[in-house]
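Bear in mind that the values in this text are calculations on the coordinates, not laboratory data. If you're wondering where the values come from, they're calculated on a predicted model, not measured in any experiment. Don't worry about glycine lacking a Cβ; one is built from the backbone with ideal geometry, like all the others, and counts go over all protein chains shown.
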Amino acid sequence: MPFTAIRAMEVGKSFGEGDARTVALRNVTLEAYLGEMLYIVGPSGSGKTTLLSVLSGVLRPDAGTVSVEGTDIWSLAPDRLAELRLHKIGFVFQDFHLFPRLTTAENVAVPLILKKQPWDEAISKAREYLEIVGLTKRADLPPVKLSGGEQQRVAIARAIAAQPDILVMDEPTASLDGDTGHGIVTFVKNQVLNEKRCVIVVTHDSRIYDLASRILKMEDGHLASVTNGGVS
Amino acid sequence: MKGILKLAYKLLVNDKAKFTALLVGITFAVFLMLQVTSTFIGMMKRASSTVYNIAAPIWIMDPAVESASNAIGMPDYVLDAARSLPGVSYAVPVYTGNSLVKLDDGTYQAATIVGLDDASLYGRPRLLEGNIEDLYGENAFVVVKDGDYPKLGSPRVGTEFEVNDHRGVIVGVADVASGGLFGTPTLYTTYNRTLQYLPNPRFTISYVLVQPKSASEIPQIKEQVKSLGYLALTKDEFVDRTSSFYMWQTGMGINIMIVAIMSFIVGLSISGQTFYTFVLENIDKFAALKAMGANNRELIMMILSQAGFTALIGYGLGVGLCSFMITMAKMRLPSFASQMSFLNLGLGLFMVVIIAGVSSYFGVRRVLKIEPFQVFRG
């Protein structure tokens, strides 16, 4: 029996009020397990990014509960929730959101610094993670000097530097060409995913569906289907 | 927290254009504020130069005296009455006035004449050349070597001149704590010689200088002098009275205050806008930090440290620039009346703290409002 990383029960979320009210999520219930690479797919506006935000503790749902490794995250105080995100969840954003004024190594060290590690120690560890993603020689360059694929790998190194149990990736291939995008997600599956870690990927890129363990399809804010991965 | 602060520091200083703009704004504001207040402080010190240079603990004067340079003559009985007061160790007269001095080349130069008590020479200046006893010699004067000294032809010991058709001779060159405000050189002589040389009004004592037996006697002495119809002020009170006169009754203070406020507004608007723009440009990064697990307290510390660091560096540069300008000006114009003090340095620091506080307030407000999920909006 795989260990549950995230459990969402009847999650609902809407934006706006009155005539402008848009329902983004309707009674979504799901489980994500350690050791799996879970895809959330669907057309634009289907609610997949909203669902990812709710699951990762950055957007409060209007209804339902979300628990991360048994902790009901939306019952936590804001500071405790931030601490949980810091220790349990790693983020890879669609636009990477790397700091252009910091070096690549310093960017990777950010979550370690947030975890109160001494600066030099954090930088040293960041270099180890840059080695894992194959960017040792780029450690002292600013991110703007790197290609899109390299920036994505820096973002992945940053996300895993704090050794989170859950890695969430928002449209990881959106800013990359087909081969690079597939290569990046393959890298995550082979090097980052393990039995103690769950990777949740929001994407509408069908070229990487073959790498998923399971695929949840969203339509109009609800879960339309769940299929096993490996289907292109 | 140390790592967070270092992160904030790197994000700030690595954005060289913004950091430079912030520094320029604060440095300029501090420089402007310090420059005008230093000039004002310098002028105020010059306005009270007689008080600083003679340095008597208590000054008795006519109640209508508003500043140290506008003495009103008092009758001799005030001196006698002061000497008879309990609590007074001794009291001496002093004369301060102006006269025209005829120089060797036949030109005239206005000068301030200070007449010291003949018996004690109380309030005498420190001599650089000559002996103070020579002031008892015939026609003897001591000249003060300050910024206005060259206006008398830079006289040496033995130089002769005329005051109201009386022969005068320099017997000493002195150094004093403060030069005068009005750009006139200063000559010291004895009280009785001033009465012989200068046109005499009915009452000749400008001030009675009092040495109390102890500091605790001062309130009682002031009360007794008041009952005589005169005013006794401590040295500091007399300086304050003079400063207050120039500040509120000449328009000088109001104008200085307006310039200081303008420099504050200029600094605040340049730095405030630049810093807010800096925060706005990094708002997605702050949202990313929030999503990754930074709490509000850490983000506030980041912004406050960035604003505080910029403010302190800007303050240091402003102080340095102002010191440099004053030093340069004094090298060219020895009588340039500008002086920094702890008061205006403190005021400048207070101003930059306000600028940093206001600038970071809007940045903090913006960052606290940002929702971390906005980072997913791409």
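Table for the structure above
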{"quantity": "Extreme residue, positive dipole direction of chain A, given options A:A174, A:I215, A:N194 (C-beta unit charges)", "calculated": "A:N194"}
{"quantity": "Size descriptor, Kirkwood hydrodynamic radius, that averages inverse alpha-carbon separations across the protein assembly as shown, Å", "calculated": "30.4 Å"}
{"quantity": "10 Å binning of all Cα-Cα separations within region B:136-192, expressed as whole percents from 0 upward", "calculated": "24, 56, 20, 0"}
{"quantity": "Inter-chain shielding of A:91-98 (mean C-beta neighbours from other protein chains, 10 Å cut-off)", "calculated": "5"}
{"quantity": "Longest DSSP-loop-exposure-free segment, trypsin sites (Lys or Arg not before Pro), chain B, at most 14 other Cβ within 10 Å", "calculated": "B:214-378"}
{"quantity": "Whole-Hz ³J(HN,Hα) from phi, Karplus 6.51 cos²θ - 1.76 cosθ + 1.60, for region A:48-57, glycine and proline x", "calculated": "5, 6, 4, 4, 4, 5, 5, 5, 8, x"}
{"quantity": "Size of electric dipole in the protein assembly as shown: Cβ of Lys, Arg +1 and of Asp, Glu -1, about Cα centre, debye, nearest 20", "calculated": "1140 debye"}
{"quantity": "Solvent-free Debye scattering, log10 I(q)/I(0), computed from the Cα coordinates of region B:297-356 at q = 0.19, 0.23, 0.25, 0.30 Å⁻¹", "calculated": "-0.74, -0.91, -0.99, -1.15"}
{"quantity": "Spatial separation of Cα centroids for region A:1-73 and region A:129-167, in angstrom", "calculated": "27 Å"}
{"quantity": "Separation of alpha-carbon centers, region B:102-166 and region B:307-378, rounded to whole Å", "calculated": "46 Å"}
{"quantity": "Against the rule of thumb 2.2 N^0.38 Å, how large the Cα Rg of chain A comes out", "calculated": "1.00"}
{"quantity": "Rounded to the nearest 20 debye, dipole of chain B from Cβ charges on Lys, Arg, Asp, Glu", "calculated": "2180 debye"}
{"quantity": "Cα-based shape type of region B:183-255, given that a ≥ b ≥ c are square roots of the gyration tensor eigenvalues and the cut on a/c is 1.5", "calculated": "oblate"}
{"quantity": "Rel. contact order, % - alpha carbon contacts under 8 angstrom, at least six apart, chain B", "calculated": "30 percent"}
{"quantity": "Net charge, A:D72 excluded, C-beta distance under 13 Å - Lys, Arg +1, Asp, Glu -1", "calculated": "+2"}
{"quantity": "Region A:79-116: chymotrypsin sites (Phe, Trp or Tyr not before Pro) in DSSP loop, at most 12 other beta carbons within 10 Å", "calculated": "none"}
{"quantity": "Relative pair counts by distance (%), Cα atoms of chain B, 10 Å bins", "calculated": "5, 19, 21, 17, 13, 10, 8, 4, 1, 0"}
{"quantity": "Neighbour net charge for A:M37 - beta-carbon separation under 9 angstrom, K R +1, D E -1", "calculated": "+1"}
{"quantity": "Cα gyration tensor, region A:85-128 - rounded (a/c under 1.5), prolate or oblate", "calculated": "oblate"}
{"quantity": "Size descriptor, Kirkwood hydrodynamic radius, that averages inverse alpha-carbon separations across region B:1-133, Å", "calculated": "20.5 Å"}
{"quantity": "Sequence-distant residues sharing a close amide H with A:L167 (under 5 Å, placed H)", "calculated": "A:G90, A:C198, A:V199, A:I200"}
{"quantity": "Of the DSSP H helices in chain B, those whose Cα atoms cover at least 18 Å axially and whose Kyte score averages -0.5 or more", "calculated": "B:16-47, B:252-281, B:296-332, B:342-369"}
{"quantity": "Selected from B:G42, B:A55, B:G115, residue furthest toward positive end of dipole (region B:23-141; charges at beta carbon)", "calculated": "B:G42"}
{"quantity": "Spin-label model distance (nm) - B:L228 vs B:V266, 7 Å beyond Cα toward Cβ", "calculated": "5.1 nm"}
{"quantity": "Averaged over B:6-14, number of beta-carbon atoms from partner chains that fall within 10 Å", "calculated": "4"}
{"quantity": "Region B:25-163, relative contact order in percent, only Cα pairs under 8 angstrom and at least six apart counted", "calculated": "18 percent"}
{"quantity": "Prolate/oblate/rounded call for region A:32-76, Cα gyration tensor, a/c under 1.5 rounded", "calculated": "oblate"}
{"quantity": "Neighbour net charge for B:E298 - beta-carbon separation under 12 angstrom, K R +1, D E -1", "calculated": "+3"}
{"quantity": "Positive dipole terminus of region B:155-271, leading residue within B:T234, B:M247, B:S214 (C-beta point charges)", "calculated": "B:S214"}
